[in-house]
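Visitor: Can you read through this structure? Questions will come right after.
The values are calculated or read from the model by the stated rules, or taken from the named source; none is laboratory data. Not measured: the values here are computed from a predicted model. Reconstructed Cβ throughout: ideal geometry from the backbone, glycine too, with neighbour counts over all protein chains shown. Surface areas here come from the heavy atoms of the whole protein model, side chains and all, with no ligands, DNA or RNA. Shrake-Rupley method; radii C 1.70, N 1.55, O 1.52, S 1.80 Å.
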Amino acid sequence: MTRKKSTHVDDPVAVGQRLKEARERAGLSQRRLAFDGCSPAYISRVEAGNRIPSLQVIAELAARLGISDSWLATGKENRVATLLRDAEIALRLDDVDEARRLYSGALDEADDATSRSSALEGLAGIALRSGNPRRAISLAEEALSVSEDRPEERPSLAECLARAHAGIGELAPAIAVLERCVERFANDPVQFVRFSVLLGAALTDAGDFAHAERVIGGALARGREIADPYTRARLYWSESRLLQEQGRHEAAEGYARKTLETLRATEDEYAIAHVLQMLAHINIDLGRPGDALELLREGRPKIEAVGTPLEITQYRLEEARALAALGEHEEAAALAMELTQSLGDAHPLDTGRAYLVLAQAHAALDDRARAAEVYELAIELLERRPASRHVVTAYKEFAALLKEQGDAERALELLERALGVQERVGRRLS
C-alpha cells in the first residue's frame, strides 16, 4: 500500500512563509526542526523561498510540527486534516473525550493511508493515556500496518508502542522498538536522548542494570550539548531512576531534585507531579516517610487533575507506603487493599507492591497468619516481572516472619531465592 500525498507544491515563497509560521508557533529553532536529509541551513533556504522541498521532506516537516502536509504544501486543508489538527489541540488541552471523538471521526472519513494511520496513532495515544495499554498496542500496530512504516520512522507512535508494551510487562518488544529508535536517531541529539532515556528505563525495569548504565551514560554525554529543559529533566530522571533501583538512594535523591529544579521553570504540572512521586519514593527508602507524605500531598492535586487512572493509583501506592512507614498501619492496609482491587492482575508489579504494603501492615498489626497469606500473593505477582528489589524485599520479610513462626526451612529457601535474584543481576538489590 502506498500513501497518497499532495499532488503539487505551492510557490516556494508561500511554502516558506507557512513553514516559518508553523515553526515559530511550535517554539522550535531551525536546528531543533532539522533531521537527516534536511539541515538547518536547508530549512533556512526553504523559509526564504529559495528552495522547493520534496513531498517527502514536506511530510516529515509537517509531522514534526503537528500540521498537515497538505496545508504546508498548498495552504489548503481538507476535512480529515482539520479533524486531526483539532483532535491534537483538544488533547493538548486535556479534553480527552473530545480528542477521541475527533480522531474517530477522522478515521471514519479518511480515504488515504496517511490520514487513516494518523487517526489510529491518535487513538492509540488516548488508549495508553486512559490506562488501556493492550488497546494502545493494537491500534499502534494497525497504524503501522496501514502506512507500511517502521516504528522508528514514526517517533511519537514508537514511544506509544514501547510504553504500552512496558506497561503490561512486555519488556522485550518495548526494548526492541526503543533500540531501533536510538540507532535511527544517532545523529539527532534531542531524539537520541529521548529514546535513550526510555530505553534506559525499560532496561532498568528488566533488571539489566549494566546495559541501562551504558545507555544512560551515552545519553548524558550527548545531553550536555542540549539546553532544552525537558531534555535535561529526562536525563536527570533516568539517572535517578536507575540509581534508585540499584538501592543507591542518596545519589538518586540528588538527581531527582535536579529533575524537579529543572521542571519547576517549565510549570509542567504533570511532569512535576511525577518527580514529586519519585522523590517521595526515595524519601521512604531513606527512612523519611513524613517528608515523603508532604511531597505527595503537594503533587496529588496535580496528578489527579491530569493523570491517567493507572498513574493516580500508582501515586496513591506511594501514599500507602508512606503511611505504613509512619506506623499508620490500619490506614495503610485499607488503602493498599483498595489499590489491589483497582489494579487487578493487569499490572503485576504494582499489584504485587500493593500486596507487599498490605502484608507489612498485617505483620505490624500482629496478624501473622494473614500477613503470610498476603506475602505469598505479593511474591507470586512480583515473580512475574523481571528481577526487582521489591521481590527481594518480599522474600526477606516473609523469611523473617517464617523464622519467627519456627519454619526455618522455608525461611532459608526464601533467603536463597533472594540471593539468587541478586546474583542474576550482579548486584545487591534492597
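Visitor: Let me confirm something: among Leu72, Leu65, Leu93, which residue is at pLDDT below 90 and open to solvent by 30 Å² or more (accessible area, probe 1.4 Å)?
Guide: Among Leu72, Leu65, Leu93, only Leu93 is at pLDDT below 90 and open to solvent by 30 Å² or more (accessible area, probe 1.4 Å).
Visitor: Moving to a separate point now. For the stretch 316-327, state whether one or more residues are part of a loop (DSSP other than H, G, I, E, B) and free of Cβ contacts under 8 Å to residues at least 12 places away in the same chain.
Guide: No.
Visitor: Is it fair to say Thr231 is open to solvent by 10 Å² or more (accessible area, probe 1.4 Å), β-branched (Val, Ile, Thr) and within 21 Å of Val197 (Cα to Cα)?
Guide: Judged against the criteria, Thr231 is not a match.
Visitor: Filter the stretch 96-109 down to residues that are among the acidic types (Asp, Glu), open to solvent by 70 Å² or more (accessible area, probe 1.4 Å) and either in contact (Cβ under 8 Å) with a residue 24 or more places away in the chain or touching a helix residue (DSSP H, G or I) at 6+ places or on another chain (Cβ under 7 Å) (or both), then give me how many there are.
Guide: Narrowing the stretch 96-109 to residues among the acidic types (Asp, Glu): 97-98, 108-109.
After this cut, where a residue has to be open to solvent by 70 Å² or more (accessible area, probe 1.4 Å) as well, the list is 97, 108-109.
When the remaining residues are screened for being either in contact (Cβ under 8 Å) with a residue 24 or more places away in the chain or touching a helix residue (DSSP H, G or I) at 6+ places or on another chain (Cβ under 7 Å) (or both), the result is 109.
Qualifying residue count, the stretch 96-109: 1.
Visitor: Taking the stretch 86-140, which residues are assigned to a helix (DSSP H, G or I), more than 15 Å from Ser156 (Cα to Cα) and of a type in the set (A, V, I, L, M, F, W, C)?
Guide: Listed by number, the residues that qualify are Ala87, Ile89, Ala90, Val96, Ala99, Leu102, Ala106, Leu107, Ala113.
Visitor: When you scan the stretch 367-379, do you find a residue that is open to solvent by less than 60 Å² (accessible area, probe 1.4 Å), in contact (Cβ under 8 Å) with a residue 40 or more places away in the chain and either part of a helix (DSSP H, G or I) or of a type in the set (D, E, K, R) (or both), even just one?
Guide: The answer is no, given that none of the residues of the stretch 367-379 is open to solvent by less than 60 Å² (accessible area, probe 1.4 Å), in contact (Cβ under 8 Å) with a residue 40 or more places away in the chain and either part of a helix (DSSP H, G or I) or of a type in the set (D, E, K, R) (or both).
Visitor: Something else now. Restricting attention to the stretch 40-63, which residues are closer than 9 Å to Val15 by Cα and either in contact with a Phe, Trp or Tyr (Cβ under 7 Å, 6 or more places away or on another chain) or in a helix (DSSP H, G or I) (or both)?
Guide: Val46, Glu47, listed by residue number.
Visitor: Then there's this: Tell me, yes or no, whether the stretch 235-244 has at least one residue that is surrounded by 19 or more Cβ atoms within 10 Å (Cβ to Cβ), within 26 Å of Ala127 (Cα to Cα), touching a residue at least 40 places away in the same chain (Cβ under 8 Å) and of a type outside the set (D, E, K, R).
Guide: Yes - at least one qualifying residue is present in the stretch 235-244.
Visitor: Ala251 fails exactly one of the following numbered conditions: (1) within 30 Å of Leu33 (Cβ to Cβ); (2) part of a helix (DSSP H, G or I); (3) open to solvent by 30 Å² or more (accessible area, probe 1.4 Å). What is the number of that condition?
Guide: Ala251 satisfies every listed condition except (1).
Visitor: Further, regarding this structure: When you check Arg79 against the structure, is it over 24 Å from Asp36 (Cα atoms), open to solvent by 20 Å² or more (accessible area, probe 1.4 Å) and at pLDDT below 90, yes or no?
Guide: yes
Visitor: Ok, one more. Restricting to the stretch 30-47, and then to whatever is surrounded by 13 or more Cβ atoms within 10 Å (Cβ to Cβ) and among the small types (Gly, Ala, Ser), can you tell me which residue is nearest to Ser68 (Cα to Cα)?
Guide: So, considering only residues that are surrounded by 13 or more Cβ atoms within 10 Å (Cβ to Cβ) and among the small types (Gly, Ala, Ser), the one nearest to Ser68 (Cα to Cα) is Ala34.
Visitor: Going through Arg353, Arg297 one at a time, which residue ends up being surrounded by fewer than 17 Cβ atoms within 10 Å (Cβ to Cβ), among the basic types (Lys, Arg) and part of a helix (DSSP H, G or I)?
Guide: Working: Arg353 fails: surrounded by fewer than 17 Cβ atoms within 10 Å (Cβ to Cβ).
The conditions single out Arg297.
Visitor: Could you grab me the full set of residues in the stretch 151-174 that are out of contact with any Lys or Arg (no Cβ under 7 Å at 6 or more places or on another chain), closer than 19 Å to Arg129 by Cβ and either modelled with pLDDT under 90 or open to solvent by 30 Å² or more (accessible area, probe 1.4 Å) (or both)?
Guide: Arg154, Ser156, Glu159, Arg163, Ala166, Gly167, Glu170
Visitor: List pairs: first residue in the stretch 110-123 and among the β-branched types (Val, Ile, Thr), second residue not in a helix (DSSP H, G or I) anywhere in the structure, Cβ distance under 7 angstrom, at least six positions apart or on different chains.
Guide: Taking only residues 6 or more apart or on different chains, the pairs are Thr114/Arg3; Thr114/Lys4.
Visitor: Can you tell me which of (1) buried (at least 21 other Cβ atoms within 10 Å of the Cβ); (2) more than 20 Å from Arg92 (Cβ to Cβ); (3) touching a residue at least 40 places away in the same chain (Cβ under 8 Å); (4) not hydroxyl-bearing (Ser, Thr, Tyr) is the one Glu148 doesn't meet?
Guide: (1)
To keep it simple, each residue is scored yes or no on (1) of a type in the set (Val, Ile, Thr); (2) open to solvent by less than 50 Å² (accessible area, probe 1.4 Å); (3) more than 21 Å from Ala280 (Cβ to Cβ); (4) part of a helix (DSSP H, G or I).
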| site | (1), (2), (3), (4) |
| --- | --- |
| Ala176 | no, yes, yes, yes |
| Glu183 | no, no, yes, yes |
| Val190 | yes, yes, yes, yes |
| Phe195 | no, yes, yes, yes |
| Leu198 | no, yes, yes, yes |
| Gly247 | no, yes, no, no |
| Thr259 | yes, yes, no, yes |
